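Visitor: Here's a structure for you.
Bear in mind that the values in this text are calculations on the coordinates, not laboratory data. All figures in this text were calculated on a predicted structure; none of them were measured in a lab. A quick note on method: Cβ atoms are made from the backbone with ideal geometry, for glycine too, and the neighbour counts reach across all protein chains shown.
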């Protein structure tokens, strides 16, 4: 590939194009919220943004993931106070419901703004 690009008049060194090496040529891009950027966590906050609340089983079904994977990611979002968790029993059956907190809604909004900026710059 490097040879192909060099033949087209572009210099390539270690996979970096000449355009990328020129200081000041690329606009500064916003840093993405790494907590939300992970696929399962983005799925959780997005699903909760579109619903008042969702059960653990609803999220697991929507995201097509395992109990353990969902638990780990939900816990990280809960620790960051992006989501809240309510555990209770229906009869003898344990239930867990999640809601997006105001802080989580703000964080998702900021993340979407950051992604829109990345998309805008990429399309230019």
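Visitor: Scan the range 34-54 for residues that are surrounded by fewer than 13 Cβ atoms within 10 Å (Cβ to Cβ) and outside any helix (DSSP H, G or I) and jot them down.
Guide: 50, 52
Visitor: Further question on the same structure: Taking the range 61-98 as the region of interest, how many residues are under 17 Å from the mean Cα position of the chain (by Cα) and either closer than 13 Å to residue 45 by Cα or part of a strand (DSSP E or B) (or both)?
Guide: 13
Visitor: Confirm whether residue 77 is surrounded by 16 or more Cβ atoms within 10 Å (Cβ to Cβ) and in contact with a strand residue (DSSP E or B) (Cβ under 7 Å, 6 or more places away or on another chain).
Guide: The answer is yes for residue 77.
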